[in-house]
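The values are calculated or read from the model by the stated rules, or taken from the named source; none is laboratory data. The structure presented is a predicted model; accordingly, all values stated were derived computationally and were not measured. Neighbour counts run over all protein chains shown; Cβ positions are idealised from the backbone, glycine included.
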Amino acid sequence: MKPKVKKVLSYCIEKWWMLPLVSATVIVLSFLLDSEWMLISGLLLIIASVIIQLISKQWKLGCLTGILMFLYIAISALWMIKITFAPNPDRIHRQFARKYENRKEIQKITGVEIPDFKVVESRMLHMRPADFEFETVCLIEFKELPGDNMFTTLDSLCALPIPLSAEVNSSFFYNGMERVYGCWSKEGNKYEYGRNTDFGEKFLHSKDAYFYLTLEKDSLTANLRYGNY
């Protein structure tokens, strides 16, 4: 075993409380930041602490750390149950903002490359936990003015004829409840991408979801609206 590894293990054995303390801190942060990866990391730390104590034959400390481990797991399980059956508006907002206010995801949904942007404002207008209905509006500001090439492409997409059936992986058409719908539309210098009640579910998070992007030629800002019916 390498000297550095031995030194780290010795330190963890001597300062047995260090890993459980760090684990507790990471788990609490995972609750606050709504991060599953941090929660998993925190639990792995406490499990590692138990293993280290048992390997070093520190039976009493190993049992004590094991009790802490089960306590951490129980608290984490209760937290997971709570957020599953009692959705929190702030958590829901953060969860879907990561998807729909992300440039790569917007480009994947719309099928059009857009300039990099920053989120100026994002707010959830309303939410009904009973049927998971919510709506969020967002204002974004491009770091550079969208070029004429992008709007030339949008003009072409708006002019595409509606097919009899839309492919599941199409960014420009989708199968709605009654017929096939085109996603891109134009009114003057204003362009809108709209997708809702999408039976493909490849681009949106559910069949009851909707997503709208509205932008205007010669404007640095654009509007997003997304949610669940």
Check: Which of the following residues is in a helix (DSSP H, G or I), out of contact with any Ser or Thr (no Cβ under 8 Å at 6 or more places or on another chain) and closer than 30 Å to residue 42 by Cα: 70, 96?
Finding: 70
Checklist line | Condition broken by residue 121, with the remaining ones in (1) within 22 Å of residue 90 (Cβ to Cβ); (2) in contact (Cβ under 8 Å) with a residue 24 or more places away in the chain satisfied | finding: (2)
Next item on the list: Among the residues of the stretch 152-173, write down those that are more than 29 Å from the chain's Cα centre (by Cα), within 22 Å of residue 219 (Cβ to Cβ) and of a type outside the set (Ser, Thr, Tyr).
Entry: 155, 158, 159
Notebook entry, point to check: Among the residues of the stretch 171-202, which ones are in a loop (DSSP other than H, G, I, E, B), free of Cβ contacts under 8 Å to residues at least 24 places away in the same chain and closer than 20 Å to residue 99 by Cα?
Noted result: 201
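The rows are residues; the columns are (1) touching a Gly at 6+ places or on another chain (Cβ under 9 Å); (2) at pLDDT 95 or above; (3) surrounded by 13 or more Cβ atoms within 10 Å (Cβ to Cβ).
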{"site": "68", "(1), (2), (3)": "no, no, yes"}
{"site": "86", "(1), (2), (3)": "no, no, no"}
{"site": "99", "(1), (2), (3)": "no, no, yes"}
{"site": "106", "(1), (2), (3)": "no, yes, yes"}
{"site": "128", "(1), (2), (3)": "no, no, no"}
{"site": "132", "(1), (2), (3)": "no, no, yes"}
{"site": "136", "(1), (2), (3)": "yes, yes, yes"}
{"site": "154", "(1), (2), (3)": "no, yes, yes"}
Checklist line | Pick from the stretch 138-151, criterion out of contact with any Pro (no Cβ under 9 Å at 6 or more places or on another chain) and either modelled with pLDDT under 95 or under 16 Å from residue 190 (Cβ atoms) (or both), ranking: surrounded by the most Cβ atoms within 10 Å (Cβ to Cβ) | finding: 140
Note to self: Tally up the residues in the stretch 100-130 that are over 18 Å from residue 169 (Cα atoms) and out of contact with any His (no Cβ under 7 Å at 6 or more places or on another chain), please.
What the structure shows: 19
